[in-house]
1. Here is a list: 87, 78, 60. Which entry is out of contact with any helix residue (DSSP H, G or I) (no Cβ under 8 Å at 6 or more places or on another chain), surrounded by 15 or more Cβ atoms within 10 Å (Cβ to Cβ) and modelled with pLDDT under 90?
2. Report, by residue number, each residue of segment 25-44 that is exposed (fewer than 12 other Cβ atoms within 10 Å of the Cβ), more than 15 Å from the chain's Cα centre (by Cα) and closer than 22 Å to residue 118 by Cα.
3. Determine whether residue 22 is at pLDDT 90 or above, touching a helix residue (DSSP H, G or I) at 6+ places or on another chain (Cβ under 6 Å) and farther than 17 Å from residue 63 by Cβ.
4. Check whether at least one residue in segment 47-57 is in contact with a strand residue (DSSP E or B) (Cβ under 6 Å, 6 or more places away or on another chain), closer than 30 Å to residue 9 by Cβ, at pLDDT 90 or above and surrounded by 14 or more Cβ atoms within 10 Å (Cβ to Cβ), and report yes or no.
């Protein structure tokens with residue numbers, strides 16, 4: 001329990017159907033109940049590691065869940081949505097991998113489709 005003794009509501013929902021599953025999780029947790037329509041929302045997809053070469057090994061929130069969340073926010077009148085991530089790369093001078101990552105995951109498509117902002121930050125080892 002939080003130290004301020006406020007109870008927090010969470011929900012766990014099996015992802016079974018696009019949009020409906022994320023909507024159910026958000027509704028059950030009442031996660032957006034206090035969010036005003038003029039809010040700015042930051043979505044961090046949790047890209048822990050990405051590689052352009054070979055098979056992908058990493059941890060991410062799936063693009064389908066990110067798009068579902070964008071749609072739900074748009075339905076609530078939220079217009080200022082930013083997808084932002086700090087991705088770790090072996091070569092700190094690498095400029096191609098962040099662009100490849102966001103293109104491959106479809107975030108640039110979300111930018112075109114829904115007008116979200118897309119920011120690609122990178123850090124090196």
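The values are calculated or read from the model by the stated rules, or taken from the named source; none is laboratory data. Small disclaimer: the values here were computed from a predicted structure and weren't measured. We place every Cβ from the backbone using ideal geometry, glycine too, and count neighbours over all the protein chains shown.
1. 60
2. 36, 37, 38
3. Taking the combined requirement at face value, the residue does not satisfy it.
4. No, every residue in segment 47-57 fails to be in contact with a strand residue (DSSP E or B) (Cβ under 6 Å, 6 or more places away or on another chain), closer than 30 Å to residue 9 by Cβ, at pLDDT 90 or above and surrounded by 14 or more Cβ atoms within 10 Å (Cβ to Cβ).
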